[in-house]
Amino acid sequence: MVPVSRNPKAHFDIDASIVFQLGEDLITDVIQALVELVKNSYDADGDYAKVTVNTSDQVPLKESYFPNARGYVLIEDNGDGMDESTISQGWLTISNSPKRLMKRRNETTKRGRTPLGDKGLGRLGVQRLGGNIEIFTQPKAGGAQYHVGWSWNDFRGDVTLSKVPVRWESLKRRQKAGTQILISDLREPEQWSPSNHERVITSLSQVVSPYAQFRDFDILGTVDGRELELAEISERVRRQARLRYRIKFDEESLQITGRARLDFLRPSNKKDIAAFEQLVEEDGGKRFLDFLLSRKPSSRFGLKAARSGEFFVEFHGSYAFGEIDKLIRPASESIPTSPGPFSAEVDAFNLGTEAVARQSTFDRSAEYKRYIKDLSGVRIYRDGFGVRADRDWLGLGKQQTGGGSFYGLRPENTLGFVSLSAKENAALVETTDREGFKDTPAYRNFLSLFELFVKFSHDAQEFLRRSWLDFRNEHERELAGVEPQATISDIAETMDAGLTRVARAMTSIAGVQDKLDQLQRDSVATFDALDAEAIDTPEVTKAINKARKYLDRQLGDAHAMLKDIAGVLEPAGQLQDLHRVLQGKVESLENKLEQGIEAMSLGLTAEVLSHEIANIVDQLADRTQRINTFVGRLPERHAELIGYIEYVRTTVSGLRRQLGHLAPSLKYARAQRKEIDVAGFCRELKEYHEERWASTPIHLIVVESQSFSVKINQGKLTQVLDNLILNSEYWLKEDLIAGRVDGGKITVRVSGPYIRISDNGYGISPAVEDSLFEPFITTKKKGRGLGLYVAQQLLDSDGCSISLQSRRNAGGRLYQFELDMSGCVIDGNR
């Protein structure tokens, strides 16, 4: 062994200027630098932190090491203070943090607080505030008061960190414990100018919770004598919200409770407002509530009348944590990585002209709108202090469409908070610069939980708003005498029958007019005869003339009335021709709708196909890379082999580009109906899918009880069965990941005229049992909810149907689909 020489004077050191590089990277602005100091007061078990900013005067403490410095920030608290060891380790040793050790041991302060700071680097951001720093601290445990200070200017130049001078002295003991941090020689004084006063308040209000009920720590402050009145979102303001949500996660399940006021449904245009007032507000929404509760999706949302008189309805969503789709799980564990328990509340406001005018919290409408917009966003607070995140980290703006039919939460009129704690949510680790969270499995699952909330809120709100439209339309059908189940064709037939009667009435009117003319002529002749034969006395002549005038008057009125009726009916009769045109258009639209459903089904097939091709391409690219590496190590160069490898690479690249353009440009291949042996067809599907599942523990079993044949478009039948099989595959893979099953088994039973499909997975969520075949209903994280709807429409077009059987599995969930193929069974197979 070669002896190693040692120099006792050799050691590592670091240039003092490193503090500027670290400080600038860690703390992005003066507000965040100030908040880091305020957090120290919280960690010291203080009741408050008092902040004084003065941009021009000399420092106010006579013991200051820098008495001539102008402009200062003073932070004072009544916490436990610091002893000599705490100052040395917490302030003078960079990146050392006794708080980090407390967290690791799951320890808290005497008041039960888990320290917010743990990096040991936040103190370096203080340099953003001023050129000098001084600490005056009286330990609660007793002893002298300490006064420690240094100038950041001493860190510049050719000096190592250990050579920077630190001033330290003991002062006379103070009566009360606590700490004063004095930063002098203020930097960026313009940031605190009167013109920026509102911005400072808004910024501080975003990093310190404005929800007073969730904070046991106060922040007081002045800037150049002007009080910092931090925004507070009171319960009075929140009561103006038309939607309110409460979210609770306890590591077992995610619970979402929503409440909606009646005016959430109130339309904005005058025509619809009149209908809403008549149909809904007139009886306090009773009829509409009955209508809502009669609809199938209401059970999915647990909809019921609100217990509080302030709200119209409340609804609820419950999701078992272990069953939520696509959560990240540690290797070989069935339970996803938890972010720790938390609660959240979200309020949605209406900033429309009418709604703003009706609010009673602010005297001026403009002030109310500005207040909501300034504080808008769902903010994350840890023990009352904000964790900086993108203002719309929930992605509400991304899902918002430009049209008026968007029913989800809107970022500009939504306020809310997520309440975390340092103790319970230690798995959510903030970045060193305090600008968000580190990208960890716990954080990703945290985001997934809120993605679920956003989807639930959108679906529930869409259900409520669309139900109002359906309720209004149904009322219009009642007035028109149209049955609720009437189709467009039924309505067209009713219109056609009515217009046909109009045409007949026109013919009848013409006949009546002819008869009236004849009656008038006959009456004239009769009266003339009476005049000639009557006894010539004044009384008889008077009676005949009176009767003649009365009859003439009645016949004239009848003529006028018939003319008016004809004037009304004649244009209506002409509508029959327009109706025939309209009926042709309706038939064309129905055909296009059927083609559209077929196109949608092909799109789903194309998506599956492109996904499978993408997997094959990825495997081909990986194996080609391995061969290329192997060839590169060979002693001789093989030009033909290298050329072939390059050809494969180019082909793979081309395939990937083409896959990106595949689905949108395909047209539906409409094949003729053909005779299909159902059992044989299912066995072919089994071979296809078993090959795909070669590397997975999923299998498909075909059980043939009574085979039969059908005459149907093969593409349609493939699409329907593939959709059900792929759904089973998706959820079985989730169950395998979660450890709920050891292997997946999909069973297809053929028993004419039925095909029954089931699997051994967890089963169908009770939340969607009653609405599974409606469009856009899904519990998949990124599903569209169209597959089963399309399958139902495709079967319906051939007189067949699909249903969810009432049989339940061991977990009490529905799990079996039945296809009734009676509509296309070939005679002799029934």
Can you give the net charge of the other residues whose Cβ lies under 12 Å from the Cβ of residue 390, counting K and R as +1 and D and E as -1? +2
Counting only other residues whose beta carbon sits under 15 Å from that of residue 225, what net charge do I get with K and R as +1, D and E as -1? -2
A correct Karplus calculation of ³J(HN,Hα) over the stretch 693-703, with 6.51 cos²θ - 1.76 cosθ + 1.60, θ = phi - 60°, whole Hz and x for Gly and Pro, returns 8, 4, 9, 10, x, 10, 9, 10, 10, 9, 10
Could you name the lysines whose alpha carbon sits less than 17 Å from that of residue 286, not counting residues in the same chain fewer than 8 places away? 304
In Å², and per residue, what accessible area does the stretch 209-274 have when probed at 1.4 Å with the other protein chains present? 53
Note, ³J(HN,Hα) from phi for the stretch 234-239, Karplus 6.51, -1.76, 1.60, rounded to Hz, x at Gly and Pro: 7, 5, 5, 5, 5, 5
Accessible surface of the stretch 247-347, 1.4 Å probe, proportion on carbon and sulfur as whole %: 48
Approximate spin-label separation residue 70-residue 286, in nm, with each point projected 7 Å along Cα-to-Cβ: 7.5
For a 29 Å ceiling on Cα separation, which of these pairs sit above it: 50/172; 674/780; 62/140? 674/780
Summing +1 for each Lys or Arg and -1 for each Asp or Glu, what net charge is found among the other residues whose Cβ lies under 13 Å from the Cβ of residue 297? -1
Rounded, prolate or oblate for the stretch 152-226? Axes are the square roots of the Cα gyration tensor eigenvalues, ordered a ≥ b ≥ c, and the cut-off for rounded is a/c under 1.5. oblate
Give, as ranges by residue number, the residues of the stretch 298-341 whose backbone N falls under 18 Å from the point 7 Å along Cα→Cβ of residue 475. 312-313
Cross-link partners of residue 296 among aspartates and glutamates (Cα-Cα below 13 Å; sequence separation of 8 or more within a chain): 769, 770, 774
In terms of Cα to Cα distance under 23 Å, which lysines are near enough to residue 438, apart from those fewer than 8 places away along the same chain? 39, 99, 103, 119, 248, 326, 398, 423, 781
Going from most exposed to least, what order do 458, 197 have by accessible area with a 1.4 Å probe? 458, 197
Here, residue 559 and residue 231, labelled 7 Å along Cα→Cβ, have an inter-label distance in nm of 7.9
The long-range amide H neighbours of residue 218, using H built 1.01 Å from N in the peptide plane and a cut-off of under 5 Å, are 48, 49
Phi-derived 3J(HN,Hα) across the stretch 460-466 with the Karplus relation (6.51, -1.76, 1.60, θ = phi - 60°), rounded Hz, x for Gly and Pro, is 5, 5, 5, 4, 5, 5, 5
If I model a spin label at residue 521 and residue 272 as a point 7 Å from the Cα along the Cα→Cβ vector, what separation in nanometres do I get? 6.1
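The values are calculated or read from the model by the stated rules, or taken from the named source; none is laboratory data. From a predicted model like this one, the values you see are computed outputs, not experimental measurements. FYI the Cβ positions are ideal-geometry reconstructions off the backbone, even for glycines, and counts take in every protein chain you see. Just so you know, the surface numbers come from the protein's heavy atoms only, side chains and all, with ligands and any DNA or RNA stripped out. Shrake-Rupley method; radii C 1.70, N 1.55, O 1.52, S 1.80 Å.
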